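These notes concern the structure reproduced below.
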Amino acid sequence: ERAIEWYSRAIELLKRPLPLMDFPIFVASDTLSGDRDFYLRTACEGLANTLVAARRWQEAVGVFAECRKLDPENPNRWYDHAAANLGAGDIGGYREICADMLEHFGKMTDPRVANRILYTCVTAPDAVPDASQLLPLAEMVAKLWPSNIRILGAALYRAGKYEAAANCFEESAKLIRLGPWDWFFWAMVNSKLGRTEQARQCMDAGVRWIEEREQKEREGEHPWSWTERVESQRLRREAEELINVNGPTCI
């Protein structure tokens with residue numbers, strides 16, 4: 001609560017059209033006047049993340065929107081804003097951000113931007129009007145970083161290409177240690193292909209990963225990032241619902 005108070009106060013001061021002399025601590029430097037936008041972006045990001053830590057999701061969504069306005073060419077700000085909407089349970093807001101993000105950045109050829117678009121837009125179904133639009137971006141990313149073939153698998157799943165998606169996750173398992181994001185996508189792929197036992201095994205692996213990570217947090221290890229937590233929770237619910245429809249649940 002104290003952090004929220006101080007971040008809010010900093011933002012209020014930085015938005016005022018005050019001359020440098022009104023900030024006595026900075027009298028000997030023009031740093032503040034030269035970098036006011038930087039400090040404002042930093043304060044907004046700090047406030048948004050602190051609101052997430054306090055589980056004040058609706059307020060966090062509003063502040064993340066402000067972060068995005070202050071830094072519109074940074075795809076990480078779009079990603080955070082979209083994830084916060086998922087945390088708040090606003091799937092409509094999430095999808096609106098995804099569609100706007102794809103329109104804004106989709107023609108760029110920077111694979112780092114493409115990577116961020118993909119991780120933003122595959123977390124929930126129907127994030128963009130046509131999931132096949134994600135495939136060229138995913139192919140570019142996977143070609144540059146073969147260990148990230150997982151994101152191509154996720155994009156293929158959202159586009160309804162389940163056999164190709166399964167091949168991607170099988171290859172990914174050879175290259176990296178899978179986390180819940182991967183296991184839940186792979187569970188859904190297997191379920192769509194009628195591979196009930198494999199789907200159950202993937203679900204179990206994802207759930208175990210989360211339980212083990214939460215236990216490590218309780219023992220004092222570095223906390224799991226809030227964006228990864230939101231993504232994994234969302235994908236877990238989706239996978240559980242799908243497997244309950246297509247076959248017996250594993251939990």
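The values are calculated or read from the model by the stated rules, or taken from the named source; none is laboratory data. All values derive from a computational prediction rather than experimental measurement. Positions of Cβ are backbone-derived with ideal geometry, glycine not excepted, and every protein chain shown enters the neighbour counts. These accessible areas exclude ligands, DNA and RNA; they are computed on the full protein's heavy atoms, side chains included. Shrake-Rupley method; radii C 1.70, N 1.55, O 1.52, S 1.80 Å.
A 1.4 Å probe run over the chain, with the rest of the protein chains in place, finds 52 Å² accessible per residue.
Annotation note: trypsin sites (Lys or Arg not before Pro) in the stretch 98-134 located in DSSP loop regions with a Cβ neighbour count of at most 14 within 10 Å are 107. In this simple spin-label approximation, residue 204 and residue 164 carry label points 7 Å from Cα along the Cα→Cβ vector, and these lie 3.2 nm apart.
GNM remark for the chain: springs join alpha carbons under 10 Å apart, and the peak mean-square fluctuation among 199, 54, 84 falls on 54. Annotation: aspartates and glutamates with alpha-carbon distance below 20 angstrom to residue 15 (same-chain offsets under eight excluded): 5, 30, 35, 37, 45, 59, 66, 71. The length gained on full extension between residue 139 and residue 6, counted as 0.36 nm times the residue separation minus their Cα-Cα distance, comes to 43.5 nm.
Each of 151, 13, 49 was scored by the projection of its Cα onto the charge dipole of the chain, and the greatest displacement toward the positive side belongs to 151; charges sit on the C-beta of Lys, Arg, Asp and Glu.
Restricting the trypsin sites (Lys or Arg not before Pro) of the stretch 170-200 to loop positions (DSSP other than H, G, I, E, B) with no more than 11 neighbouring Cβ atoms within 10 Å leaves 177. So the label point goes 7 Å from the Cα of residue 38 along Cα→C-beta, right? Which residues of the stretch 53-89 then have their backbone N under 13 Å from it? Counting backbone N atoms under 13 Å from the label point, the list is empty.
If you roll a 1.4 angstrom probe over the protein chains with everything in place, what fraction of the accessible area of the chain belongs to carbon and sulfur, to the nearest %? The value for the chain is 51 percent carbon and sulfur by accessible area.
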